[in-house]
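The values are calculated or read from the model by the stated rules, or taken from the named source; none is laboratory data. Note that the structure is a prediction, hence the values are computed from the model and not measured. We place every Cβ from the backbone using ideal geometry, glycine too, and count neighbours over all the protein chains shown.
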Amino acid sequence: MMVLIPILLPALMAPVIWFAGRRSSLAARVLLLVTALLHAGGTIALYRWCDAPMEGEYLGVDPLGLWVVSITSLLFLCVSLHAFFWLPMARKYEGGAHGRSLMSEHLFCSILVCFLSTMTLVALSRNFGLLWVAVEATTLASAPLICFHRSAGSLEAMWKYLLICSVGIGLALFGTLMLGVAIQPPVGAEPGLGFTVLGAACNTVNPAWFKAAFIFCFAGYGLKMGLAPFHTWLPDAHSEAPSMVSVLLSGALLNCSFLGIVRVLGVAPASLRSFCNGYLVAFGVLSLVIAAFFIIRQSDYKRMLAYSSVEHMGLLAIFFGLDEEVTGLIHMGVHSLTKMMLFLIAGNILMACGTRSVEKVRGLFERMPRTAWLWAAGMFLICGTPPSPLFVTELLLVQRAGWWLGGTILLLLFAVFCGMSMIVFRMVGGKAAPECAVSRDAERAAEKLAWLPGVLAVLLLGWGSLLIWNFMGRL
Amino acid sequence: MTAWCEAVLAAFLLTDIMLAASSRLLHCIRIVAAQGLLLGILPLVIRSWSEVHPDQIWISLVNIGIKGVALPLLLILAMKQANVRRELEPFVGYSLSVVAVLGLTGISFWVGAQLPPPVEAGVRLAMPVAFSTMLTGLFMVMARRKAITQAIGFLIFENGITLFGTGLMIEYGLVVELGILLDVFVLVFVMGIALFQINQEFEHIDADKLNRLGDWSAPDEEDAEALPTPAEEGR
């Protein structure tokens, strides 16, 4: 029963926010924050039920799902805190200043909590059918959020997102059905797509069907996760969405989609694990290549962050392909937090400068020192410069990968670092162009919003130092 | 497996090829509706009539109702609303499309031959036919320009998945009907076409800005024009 709370609560809050928020936007924002807090509370309560045996076939808590829910919940809490201050500013500086009509706040907030509910459902489902339904629901719930600014570009991004992801989700369903054909439960057992049922029957698996099922699930969920050849929708959606939505898309939704692949891996018989691992590593490396290539020539700083998500999802796939699962999960959490910090700052810069073009943003150190420092620090953190926690996880990965693969990964990570640092230093340095800013007010507002990313940066640095300390101790 | 069942699957393959060849949208939608009806017939003829389970009758009714009647009607409505009749300049011509679909069918049968027949019952032919229908749908999504044809393509893709589910997953009961949830996407696409007037490739944007979202062009915020307010919030 406890499992239902974090899933149902946000879903039930959605109509409340919608009705209450129609009167005053303050009510919508407060209720959003309250929902986030309650969800965080519910998630903490789940830790007590973590080891309890799973009774239900459909919902249950396991360490993996709980980790993903925790990341999602933390991200949502931070984001709704940010939204509390950001939404009125957005109306003033991003809507009014450009003569645009933004999505109304009560609608935006109620869709956000629906999105939270669907992501929680993904993480807590114990059945491939339900997992698939939940992933589909995340797509439907997140699509309108991309269109917050109601510009032609954001509509195009939303359409692309829906069209491409719907195909991916269709492929995942095909894979899920094939999984049902591949794994025949022993005679007499109730047929079903539950993880426990399929996991218990994984010795009677039909290898050819399982391979086909894995390929389709991998293609479907991998598309949603932004792995390389299927990533085309991701930079558009993540750059057109308002930054706080980009945070959730990049930091939470991609993890949830990855969870779909991990669940299929979970029922793979040991003999087929190497087949699956080959796919994970190959597409992971391809994602790194694509991300490095597109980051180096990037002219849009939010797209740069989106490609960095492609890069880290690739790394995550490699982690699991090399059976470094625990390190991979730490990497997942750190990436989510760091990406949240970076996207929030990018949103502040966008609000102050009114452009996503790297060329037009100059002299941030001069005009918005706090934002500029954090922007540069975030870049170093995401690239895995020590004391970033990502340094430790990536070091372990390279160590594990061996000469050839490890060398390739290092080279690509270095290319990403070069590309990102060039972009970031171009933005923070130099002389400020006078026509770039929306107004001094917007700049000041953006500076005020910098505290949350600042806190995150300190947390991440602390976590990273601890990890490195720990790691040194093990050497 | 009955002879009727084979006939239904063969008819499915024929509809795929017809879809690739037709340029009139109304014609396309009618063929998709026919596919929906075939999907409704399939669960009833897989086994002999006396073995039909009540679940299968339910599946059949749902398939006919949603895929055979409701979605085609909605598509026709959206077509009228958006005022498009034909797909005039597809990326891939019609005769070439037929050849492509035939090729895809060949590939599907090859893939189907690689997989051993499933342990229990099910229809041997369902897998390749389903796969070729999926590929045809994906091909339509990629090879056609207009949003509404892409929505039709997605519906065909989805019909392929449902065909697979109905053909092979008899013993799983209503799990098969998960595919119905994919129809929500078709609904969303239709709504997008009808309400947001996404007729074709974002034609409300000037032709030179068609690829606004890309990696090599510098992003420009200034030219982002305000959209027409959707009808639902036209207050």
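Tabulated data for the structure shown
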item	result
Residue in segment A:190-198 that is outside any helix (DSSP H, G or I) and more than 9 Å from chain B (Cβ to nearest Cβ) present	yes
Options A:Met427, A:Met472, A:Met422; residue that is under 20 Å from A:Asn348 (Cβ atoms) and among the aliphatic types (A, V, I, L, M)	A:Met427
Residue match in segment A:105-112 (condition: under 21 Å from the mean Cα position of the chain (by Cα), part of a helix (DSSP H, G or I), buried (at least 24 other Cβ atoms within 10 Å of the Cβ) and within 9 Å of chain B (Cβ to nearest Cβ))	no
Which numbered condition A:Leu145 fails, given (1) at pLDDT 85 or above; (2) within 12 Å of another protein chain (Cβ to nearest Cβ); (3) closer than 25 Å to B:Ala147 by Cα; (4) touching a Pro at 6+ places or on another chain (Cβ under 9 Å)	(2)
Pair list, Cβ under 9 Å, 6 or more apart: segment B:151-175 residue under 20 Å from B:Leu138 (Cβ atoms), other residue modelled with pLDDT of 85 or more and among the charged types (D, E, K, R)	B:Leu155/B:Lys67; B:Ile156/B:Asp16; B:Glu158/B:Lys67; B:Asn159/B:Lys67; B:Gly160/B:Asp16; B:Thr162/B:Lys67
The lone exception for A:Ser239 - which of (1) in contact with a Phe, Trp or Tyr (Cβ under 8 Å, 6 or more places away or on another chain); (2) of a type in the set (S, T, N, Q); (3) in a helix (DSSP H, G or I) it fails	(1)
Test: residue in segment A:205-224 that is assigned to a helix (DSSP H, G or I), of a type in the set (D, E, K, R) and facing chain B (nearest Cβ under 8 Å)	no
First in segment A:295-323 and in contact (Cβ under 8 Å) with a residue 40 or more places away in the chain and surrounded by fewer than 24 Cβ atoms within 10 Å (Cβ to Cβ), second anywhere and outside any loop (DSSP other than H, G, I, E, B) and of a type in the set (D, E, K, R), Cβ under 7 Å, 6 or more apart	A:Leu322/A:Arg400
All helices (runs of 4 or more DSSP H) inside segment A:301-392 with 3 or more residues being within 14 Å of the chain's Cα centre (by Cα)	A:301-321, A:325-353
So A:Val334, is it under 29 Å from A:Ser70 (Cα atoms) and β-branched (Val, Ile, Thr)	yes
Options A:Gly180, A:Gly153, A:Gly175; residue that is closer than 30 Å to B:Thr166 by Cβ, at the interface with chain B (Cβ under 7 Å from one of its Cβ atoms) and not acidic (Asp, Glu)	A:Gly180
Complete set of residues in segment A:296-332 that are more than 17 Å from A:Leu381 (Cα to Cα) and within 10 Å of chain B (Cβ to nearest Cβ)	A:Arg297, A:Gln298, A:Ser299, A:Asp300, A:Arg303
Restricting segment A:324-356 to residues that are within 30 Å of A:Gly402 (Cβ to Cβ) and of a type in the set (Gly, Ala, Ser), the residue that is surrounded by the most Cβ atoms within 10 Å (Cβ to Cβ)	A:Ser336
Some residue of segment A:283-295 being within 13 Å of chain B (Cβ to nearest Cβ), outside any helix (DSSP H, G or I) and of a type in the set (Gly, Ala, Ser)	no
From the options B:Ile29, B:Ile17, B:Ile41, B:Ile46, residue that is of a type in the set (A, V, I, L, M, F, W, C) and over 22 Å from B:Ile180 (Cβ atoms)	B:Ile17
Output for segment B:49-63, where each listed residue is of a type in the set (Ser, Thr, Tyr) and farther than 15 Å from B:Glu177 by Cα	B:Ser50
Verdict on B:Val123 being in a loop (DSSP other than H, G, I, E, B) and either touching a strand residue (DSSP E or B) at 6+ places or on another chain (Cβ under 6 Å) or buried (at least 20 other Cβ atoms within 10 Å of the Cβ) (or both)	yes
Residue among A:Val285, A:Val267 that is at pLDDT below 90, crowded, with 19+ Cβ neighbours inside 10 Å and aliphatic (A, V, I, L, M)	A:Val267
Qualifying position, being in contact with a Lys or Arg (Cβ under 7 Å, 6 or more places away or on another chain) and closer than 30 Å to A:Lys92 by Cα, among A:Arg440, A:Arg370, A:Arg362	A:Arg362
Condition check for A:His82: of a type outside the set (A, V, I, L, M, F, W, C), assigned to a helix (DSSP H, G or I) and under 25 Å from A:Asn255 (Cα atoms)	yes
Which listed residue, of A:Ser70, A:Ser24, is without any contact (Cβ under 8 Å) to a residue 12 or more places away in the chain and of a type in the set (Ser, Thr, Tyr)	A:Ser24
So A:Ser73, is it polar (S, T, N, Q), more than 16 Å from the chain's Cα centre (by Cα) and more than 10 Å from every other protein chain (Cβ to nearest Cβ)	no
Which numbered condition B:Phe157 fails, given (1) buried (at least 19 other Cβ atoms within 10 Å of the Cβ); (2) over 19 Å from B:Val190 (Cβ atoms); (3) within 9 Å of chain A (Cβ to nearest Cβ); (4) modelled with pLDDT of 85 or more	(2)
Extreme residue, surrounded by the fewest Cβ atoms within 10 Å (Cβ to Cβ), among residues of segment B:15-46 that are over 22 Å from B:Leu96 (Cα atoms) and β-branched (Val, Ile, Thr)	B:Ile41
